[in-house]
Every structure is written in structure tokens, then in C-alpha cells.
Amino acid sequence: MPRVSAKRQITLPIDQCREVGIGPGDEYRSYVADGRITIVRKTAGAARGILRHAVGDSDVSDEESLQDALEEPTP
């Protein structure tokens, strides 16, 4: 059974990595929920299309948009 190293590193079992397609050098995300850690391999393009419904306003410049995002909201 794998153990956590002094540096808090773990070694994933090779059969589990093969099953989910994780290889050396792959990037991953980890999440904590209900007292468990879940590791998920990052997939290129996984978020593609998430904002496809958003419509931009061509009357607002990039600079104006950035300034608006940086300003503190007024109560």
C-alpha cells in the first residue's frame, strides 16, 4: 500500500494510472470533499464551450472592462 512521504508526496499505483489515462508529466487537479481527496487528470479543452452563450459588448474596450472588474463594488 502506498504511503505519504515526508514531503507529502504520494505514488499512484500504476494500474490505476493506466485505467484513467494518467502518465508521467500529466497535469492534474485535486479536490477535497466529504473528507476524501479526488485526483482528476486535466484534459485539454475540457472547458471549451462553457461561455458560448455569453455575448460581448463591442462598445466597451478591454481597458474599460478591466477597470470595471478591478473597481470595488458599491453597496
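The values are calculated or read from the model by the stated rules, or taken from the named source; none is laboratory data. All of these numbers come straight from a predicted model, not from anything done at the bench. Cβ sites come from the backbone with ideal geometry, for glycine too, and all protein chains shown count toward neighbours.
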### Message
Quick check on this structure: which one of Pro73, Pro13 is surrounded by 10 or more Cβ atoms within 10 Å (Cβ to Cβ) and out of contact with any strand residue (DSSP E or B) (no Cβ under 8 Å at 6 or more places or on another chain)?
### Response
Pro13
#### Entry: segment 35-47, residues that are surrounded by fewer than 10 Cβ atoms within 10 Å (Cβ to Cβ) and modelled with pLDDT of 90 or more
Gly35, Arg36, Ile37
#### Entry: Residue ID - nearest to the chain's Cα centre (by Cα), chosen from residues in segment 16-75 that are among the charged types (D, E, K, R) and in a strand (DSSP E or B)
Arg29
